[in-house]
């Protein structure tokens, strides 16, 4: 069965420190993977996709098929990065997207 | 460009009442979804639709119904509200191309007392 696991419910770091939000998935095929973010009082929105291999707001995520992980990283956290982050998986060409439980990132001044 | 619009934003219901959560999108997306989000949990898929006239159950469909008479609208109906349906409900839509993200509404916070 498809599953997305985000082991940390809350992650607290100081401004300027590196941050890594973990995401592990279980899926036997070729997945489409996404990171979504929800800032305070805003709607859930796409942060980045594995297919794009781009950096958005300083965040990157690498798909590791061997470890079935898609961790989100940023070398220097900023206070405005404080938000709820969700990892999501969809089978290629599929209809349904499976979401992890989310990790709340709190960046302290 | 409004994207995905959900109404109402908040609602309190009594046990046994019924209501419809409205969702409309102006992006001409074929795929639409309803999720619920309980505290500390991820988004659980209730129902989804791949086009007008076509709907299917997600992970947690019991107690809900949907319809899709137009591409734009995808209402979610609760027939007999129960306390277990207290949650935040999100509607989303996306194009049917691969690797495209979902676009979400602001959510509806529903409390059933």
When a/c is below 1.5 the answer is rounded, else prolate if a/b is larger than b/c, else oblate, so apply that to chain A with a ≥ b ≥ c taken from the square roots of the Cα gyration tensor eigenvalues. prolate
Need one number: the % of Cα-Cα pairs in the protein assembly as shown sitting beyond the 25 Å mark. 40 percent
Using Cα pairs closer than 8 Å and at least 6 residues apart in sequence, work out the relative contact order for chain A, in percent. 38 percent
Under a crude label model (7 Å from the Cα following the beta-carbon direction), how far is residue B:80 from residue A:91 in nanometres? 3.4 nm
Among A:44, A:63, what is the fewest-to-most ranking by other Cβ atoms within 10 Å? A:63, A:44
Given a cut-off of under 8 Å on Cα pairs at least six residues apart, what relative contact order in percent is computed for chain B? 36 percent
So if we plug the beta-carbon distance of residue A:79 and residue B:27 into 1/(1 + (r/R0)^6) with R0 = 41 Å, what FRET efficiency do we get, rounded to 0.05? 0.80
Ranked by Cβ crowding within 10 angstrom, fewest neighbours first, how are A:19, B:4 ordered? A:19, B:4
Put a dot 7 Å past each Cα toward the Cβ at residue B:109 and residue B:65; how far apart are the dots in nm? 3.0 nm
Compute the distance from the alpha-carbon center of segment A:27-64 to that of segment B:1-41, in whole Å. 23 Å
The residues A:13, B:50, sorted from fewest to most surrounding Cβ atoms within 10 Å, come out as B:50, A:13
Efficiency of FRET between residue B:73 and residue A:42 - r from beta-carbon atoms, R0 22 angstrom, step 0.05: 0.40
Report, in cubic angstrom per residue, the convex hull volume of the C-alpha atoms of segment A:1-53. 127 Å³
For chain B, the Cα convex hull volume per residue in Å³ comes to 95 Å³
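Throughout, read-outs are computed from the coordinates displayed, never taken from laboratory work. All values derive from a computational prediction rather than experimental measurement. Cβ atoms come from the backbone with ideal geometry, glycine included; neighbour counts cover every protein chain shown.
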